[in-house]
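This report concerns only the one structure given below.
The values are calculated or read from the model by the stated rules, or taken from the named source; none is laboratory data. Everything quoted here is computed from the prediction, not taken from an experiment. Quick reminder, even Gly has a Cβ in these numbers, built from the backbone with ideal geometry, and neighbours come from all protein chains shown.
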Amino acid sequence: MADGANIAETWDKASIESLFDPATGRLDRRVLSDEGLYRLELERIFARGWNFMCHESQLKDPGDYLVSYIGEDQVIVVRDEDGQINAMLNTCRHRGNALCRAEQGRAKSFVCSYHGWNYGLDGKLIGVPGRSTFYHNDLDRSQLGLAKARVESYLGFYFATLADEAPSLHDFLGTTGRTGLGMVCAHGEIEFVEGVQKNVIDCNWKIAVDNLFDWYHVPYSHASADAAGFFNISKIQHPKNQMVMLGEYGHAIGGPGIPQEMQDRIDPLSDAERAAMSSAAPEGSPRIRPQSATSLMGTAGVRSEGHPNIFPNLWITISGAQICLRLPRGPSRTELWWFTVVPKDAPARAKREMIRRMNHVFGPSGLLEQDDGENWSQSTRSARGVASRELGQHIQMGIGHDQVTVSDDGEHIIEGLISEHGQRWLYRAWTDWMVACDWAELEANHALPPTGVV
Amino acid sequence: MDALDRPRATTTPWAETSLPQRAVLQYEVEQFLYAEAALLDARRYRDWLGLVADDIEYWMPIRRTVTTGDLDREFTKPGEVAFFDDDRAYLEMRVKKLEAGSAWSEDPPSRSRHFVSNVRILEVAGEEITLEACFHLYRTRLETDVDSWIGRRIDVLRRDGDSFRLSRRHLFLDHTVIQATNMSTIF
């Protein structure tokens, strides 16, 4: 990975650490625009971390595949004959051509359209035209399989990393990451709906991530969706009942939280009583989670109605009903992929209504998300101006006014008003990932969730 | 959508009508489509809603890059994820949003041009006319944003006095990953 080594000469530890000051919340805007930092991110964050690939329901049968990304590395994600899900770089070992040029499909094997090299669903090189003639039988096929990423799953969500020395997915996610995925499954088994809304925004990927923790922008950015009657901000935002959860390696959750006093009234209720309460609640209120949710989400996490982010780029939203990947496409460009989730056992009619509603929230034509993209692209644009970028991003809200409490399950949470603790944690963790030369260094030196006053 | 994909067999009553009858209907339909496009380009969204039937089905599925063998999965199907999945109530919301004074993705407003071409009437059944057309929605925003969406669409128009009302619009884009910050306008 010589690229990173070269960049590291320009961006050494001290210069990266100078970019963000957690004590004041000042972020150097070059973080949103610098090409060298971006290339370092591809190596030190995306190739190193666990990247979301798919949910098991997207690849039902052997041969089902889709193409996804680890940073800018294209990956084939496929279910093989043994039912196992593999992730392999989508590049032929001969001349580098892409094996899959479709986004998704079903295959018996992957045949290169350039010279016909043929790989199995497990990535093994099966066939090479002219192996005994042109290659004189001296080609060692065992060394020329597709490059495989490590794949592990949690609750049916498959992740991949290009770092052999990465900790297990379970440990990488930690309590906060597992709470985030647990939120999606809190009401029972789920499935992904066919179709992914994909679009490109001219913004740095981190400003999109920063925004998911941001409940401050909602009444202003999304005022027109409220005025149109699509949603009622006052019923969703709960600016005084916010809960932020900070986890290792940059995972975090930010947004409304159910106050403990209210949860204390929910806890003794049976699932039937909770379901009855949910159906009596005003439209748009989140459904009360069943008793089993606590084991998936933790004692504090179960009170969250906020937005988890699995570091770096997987956002879980609306109580887990939609999931968004923010794929880096250069310092000033991000591709967004929106997945939609429904309860597996819901009646067809109910599913249809849920999907129709979700088709209107996010994605490029979504009544909410229409108004986000331009904020992000204009913020990214200003990070390129030599004078504008000197001003820095202002991420100060709440500093010194909040207290971290640690739950019985070891969750670090901050409750109170709307704040920017989640965003500061994002850039704090980003710094840790960017200065560490390898996983050993990252594991040894990354920030642990804070305690006390923050 | 499958049945509407192909022109109807020549034995349908529509095909048996005389050339002058067909030419007149073609003219009426095209003039309606141009007038509708002009309303959208002029940002007269409320007036545009006036041309929309109460039972409108306004739908844009997601297109995927698939191999020839998987072409039946090229577009998502009704009830799956879509870019537009609107009934009249949702379209009214979109218009209300544009009128709210806080729809930042359209303020400053985009400049748009709706082109409609290759209009072919596929079927006339009572008051309803099913047509296929190609569309090109060209939009510019702010200083440098230029977006172009091109595709094929199936419209159903229903006679309403001297004019028509739009009761179905299915939009099949020639794009997979949308190369635009948003689709904050009406197609």
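Some points to look at:
- Close pairs (6 angstrom Cβ cut-off, 6 or more residues apart or separate chains): assigned by TED's automatic domain parsing to the domain that holds A:Arg384 in the stretch A:332-351, polar (S, T, N, Q) anywhere: A:Ser332/A:Thr380; A:Leu336/A:Asn199; A:Trp338/A:Gln197; A:Thr340/A:Gln322
- Just one of the listed residues (A:Val67, A:Val75) is of a type outside the set (Gly, Ala, Ser), under 26 Å from B:Asp72 (Cα atoms), touching a strand residue (DSSP E or B) at 6+ places or on another chain (Cβ under 8 Å) and more than 14 Å from chain B (Cβ to nearest Cβ), namely A:Val75.
- Residue list for the stretch A:351-391, filter: aliphatic (A, V, I, L, M) and either under 22 Å from B:Ile62 (Cβ atoms) or within 11 Å of another protein chain (Cβ to nearest Cβ) (or both): A:Met354, A:Ile355, A:Met358, A:Val361, A:Leu367, A:Leu368
- Scan of the stretch A:328-350 for residues that are more than 10 Å from every other protein chain (Cβ to nearest Cβ), in contact with a strand residue (DSSP E or B) (Cβ under 9 Å, 6 or more places away or on another chain) and of a type outside the set (D, E, K, R), ordered by number: A:Pro328, A:Thr334, A:Val341, A:Val342, A:Pro343, A:Ala350
- Of the criteria (1) within 14 Å of chain B (Cβ to nearest Cβ); (2) buried (at least 19 other Cβ atoms within 10 Å of the Cβ), which one A:Gln423 fails: (1)
- Top-ranked residue in the stretch B:150-184 [being out of contact with any helix residue (DSSP H, G or I) (no Cβ under 7 Å at 6 or more places or on another chain) and among the β-branched types (Val, Ile, Thr); ranked as farthest from the other protein chains (Cβ to nearest Cβ)]: B:Val156
- Hey, B:Arg139 within 14 Å of chain A (Cβ to nearest Cβ), touching a strand residue (DSSP E or B) at 6+ places or on another chain (Cβ under 9 Å) and of a type in the set (Lys, Arg) or not: yes
- Screening A:Asp73 with (1) within 21 Å of B:Arg64 (Cβ to Cβ); (2) touching a Gly at 6+ places or on another chain (Cβ under 9 Å) gives one miss only, at (2).
- The set of residues in the stretch A:378-408 that are part of a loop (DSSP other than H, G, I, E, B), of a type in the set (Gly, Ala, Ser) and farther than 15 Å from A:Arg26 by Cα comprises A:Gly385, A:Ala387, A:Ser407.
Every residue, every condition in (1) of a type outside the set (A, V, I, L, M, F, W, C); (2) out of contact with any Gly (no Cβ under 7 Å at 6 or more places or on another chain), yes or no:
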{"residue": "A:Leu181", "(1), (2)": "no, yes"}
{"residue": "A:Cys185", "(1), (2)": "no, yes"}
{"residue": "A:Gln197", "(1), (2)": "yes, no"}
{"residue": "A:Trp215", "(1), (2)": "no, no"}
{"residue": "A:Val218", "(1), (2)": "no, yes"}
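- Filter result (outside any helix (DSSP H, G or I) and at pLDDT 95 or above) within the stretch A:276-299: A:Ile288, A:Arg289, A:Pro290, A:Gln291, A:Ser292, A:Gly298, A:Thr299
- When the residues of the stretch A:174-197 are filtered to those that are part of a helix (DSSP H, G or I) and either within 14 Å of another protein chain (Cβ to nearest Cβ) or polar (S, T, N, Q) (or both), the one that is surrounded by the fewest Cβ atoms within 10 Å (Cβ to Cβ) is A:Thr175.
- Meets criteria (touching a Leu at 6+ places or on another chain (Cβ under 9 Å), among the acidic types (Asp, Glu) and either under 29 Å from A:Phe311 (Cβ atoms) or in a strand (DSSP E or B) (or both)) for A:Glu152: yes
- Flag if B:Ser184 is farther than 27 Å from A:Trp205 by Cα and of a type in the set (S, T, N, Q): no
- The set of residues in the stretch A:198-209 being facing chain B (nearest Cβ under 8 Å) and aliphatic (A, V, I, L, M) consists of A:Val200, A:Ile201.
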